[in-house]
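Nothing in this text is a laboratory measurement; each read-out follows from the coordinates by a stated rule. The structure displayed is predicted, hence computed values, not measured ones. Please note: Cβ atoms are built from the backbone with ideal geometry, for glycine as well, and neighbour counts cover all protein chains shown.
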Amino acid sequence: MKTETRRASLPKVNGNKQIEAAKDPSVPNNNNMAATFTYQELAAATCDFAPECLLGRGGFGAVYKGTLESTGQVVAVKQLDQSGIQGDKEFLVEVLMLSLMHHPNLVNLIGFCAEGEQRLLVYEYMPFGSLEDRLFDLPPDETPLDWNTRLKIALGAAKGLESLHKSNPPVIYRDLKASNILLDESFEPKLSDFGLAKFGPIGDKSHVSTRVMGTYGYCAPEYASTGRLTIKTDIYSYGIVLLELITGRRALEEVNGRSKHLVYWAMPLMKDQSNFSKLVDPLLKGNYSMSTLKKVIEVAGLCLHEDVTMRPVSSDLVAAMQFFVSRKREKNSDKDTSFKWSEIGMSPNQTSVISDKDSDRDRAVAEAKMWGESWRDKRMQSPQHVSEGNDRYQN
């Protein structure tokens, strides 16, 4: 059976120039536009969506492993629930987003099917599954992710987020979580599942007002309570993912029939560096750099700050994580892993001077010398007041 590779017909959305440019043959990425497949082709690729091909299920539908008959390429096929959350609008958004945006840390959309009532997306296959698969509830014979690999994943996720936030117009992911971070055979992460993504504010607008969507446990409290969406909403979710990488715990766990939020458990421990070791995943067995751990926890705290202006931007996260990944430290080393933003490119968005009224002013000044102009004042703004927000989330 021959695979059809017709060019996707992209509608004009609010006159968006990016979408118009995608149809322009002069645009370099134009040849990477998603192909269209028939339902019959994708049914054949997945052995008629056989249970043994099932990779997993999510809120939007099921994902199957398949092999395209024409090329032999192994792919992941997401079959959307016809009665699920993701409707035609979300389907179109995902096709458009991934057709227009190409980055090593964003999953590659190969094609799609929109035949009758069927809505399917065809992605590159990621052999190591998701971060969720590799971090939580591991069988006894599976080796847990080591510290350096966790930092690598955090860096790649930050790079993927940066590519979205720096696009024109900016794209707000809105669903950053462990199950949406896919891993290739070298544990390089790629962000996936863009059905909830939205174009961010442009011009003098500070936010986009929208119906609250996202995943319980990852959603920023100010967004959950007001519906005001900004790129800093994604930064909060990134902070939760960082906590998951550090602790090996899920953002939300059911214990004795009750939901336990990772952030509420972690925040009291994050107030005091003497408690930092209590945050660490026991599966690491002490194989990590304590000095780097302290800095990563501080970064997570900034991401989770209740004041959205105090949260770093994605380019700062990339700079910080790149620095930590590049440092080859012995385990539990107490050597300083400080860096200056000026040495690796300080974000122009992080230049505001924050007035610090904390009683530990002297300590703030000392720490400022280590972290550089941007985060000097920010890191002293305690993350302990992260508000619990509102429970109006949707899975």
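For the reader, a short list of remarks on this structure follows.
- E253-T71 FRET efficiency (beta carbon distance; Förster radius 45 Å; 0.05 resolution): 0.60
- Net length available on complete extension from N275 to L54 is 75.4 nm, with 0.36 nm assigned per residue and the Cα-Cα distance removed.
- For F112, nonlocal amide neighbours, meaning residues 5 or more places apart or on other chains whose placed amide H falls under 5 Å from its own, are A35, T36, F37, V122.
- Between T38 and S167, the FRET efficiency estimated from the beta carbon spacing at R0 = 25 angstrom works out to 0.20.
- Label point distance in nm, D141-H102, each placed 7 Å from Cα along Cα→Cβ: 4.1 nm
- Note on E185 and Y264: their simple-model spin labels are 4.4 nm apart, each label 7 Å out from Cα toward Cβ.
- Inter-site label distance for K294 and F128 at 7 Å from Cα along Cβ, in nm: 2.9 nm
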